[in-house]
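Engineer: I'd like to ask some things about the structure below.
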Amino acid sequence: METLTLKVEGMTCSHCEMTVSKALRSVSGVKDVDVSHEKDSAEITAKKGKVKLEKLIEAVESVGYKASS
Ligand SMILES: [Cu+2]
């Protein structure tokens, strides 16, 4: 396992966190996510070497938020 961290901009409440969590969990290889709108962050636990940051960023952006590594 490895932990990846993204900065996520645009979240304002727990509903946003859920939307982002769901999008990240749908990425193949992702095991767990911890999203905080207060910290503008997403911590992703994934199978080591299986998940590309670009895929995670794409997933966040597909639901309307801005992500960067
Ligand atoms: Cu919200």
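The values are calculated or read from the model by the stated rules, or taken from the named source; none is laboratory data. A quick note: this is a predicted structure, and the numbers were derived from the prediction, not measured. Don't worry about glycine lacking a Cβ; one is built from the backbone with ideal geometry, like all the others, and counts go over all protein chains shown.
Engineer: So, in region 1-22, how many residues would count as being farther than 12 Å from Ala67 by Cα and surrounded by 14 or more Cβ atoms within 10 Å (Cβ to Cβ)? Give the derivation first.
Structural biologist: To start, the set of residues in region 1-22 that are farther than 12 Å from Ala67 by Cα comprises 1-4, 12-19, 21-22.
Still in the running and surrounded by 14 or more Cβ atoms within 10 Å (Cβ to Cβ): 4, 16-17, 19, 21.
Number of matching residues: 5.
Engineer: Return the pair list, or none, for Cβ contacts closer than 7 Å from residues in region 1-16 that are free of Cβ contacts under 8 Å to residues at least 24 places away in the same chain and under 14 Å from Val33 (Cβ atoms) to residues that are among the acidic types (Asp, Glu) and within 16 Å of the ligand (Cβ to nearest atom), at least 6 apart or on different chains.
Structural biologist: none
Engineer: Kindly indicate whether Val33 is among the aliphatic types (A, V, I, L, M) and over 8 Å from the mean Cα position of the chain (by Cα). Even if it seems obvious, please write down each step before you answer.
Structural biologist: Values: among the aliphatic types (A, V, I, L, M): yes; over 8 Å from the mean Cα position of the chain (by Cα): no.
It is false that Val33 is among the aliphatic types (A, V, I, L, M) and over 8 Å from the mean Cα position of the chain (by Cα).
Engineer: Contact list please: Cβ distance under 6 Å, first residue in region 27-41 and within 21 Å of Lys52 (Cβ to Cβ), second residue within 16 Å of the ligand (Cβ to nearest atom), pairs at least six apart or on different chains.
Structural biologist: Pairs found: Val30/Leu24; Val33/Ser21; Val33/Leu24; Val35/Glu17; Val35/Val20; Val35/Ser21; Val35/Ala42.
Engineer: Further question on the same structure: Does any residue in region 42-69 that is closer than 11 Å to Arg25 by Cα come within less than 9 Å, Cβ to Cβ, of a residue that is of a type outside the set (A, V, I, L, M) and modelled with pLDDT under 95 six or more places away or on a different chain, and which pairs are these?
Structural biologist: So the pair list comes out as Leu56/Ser69.
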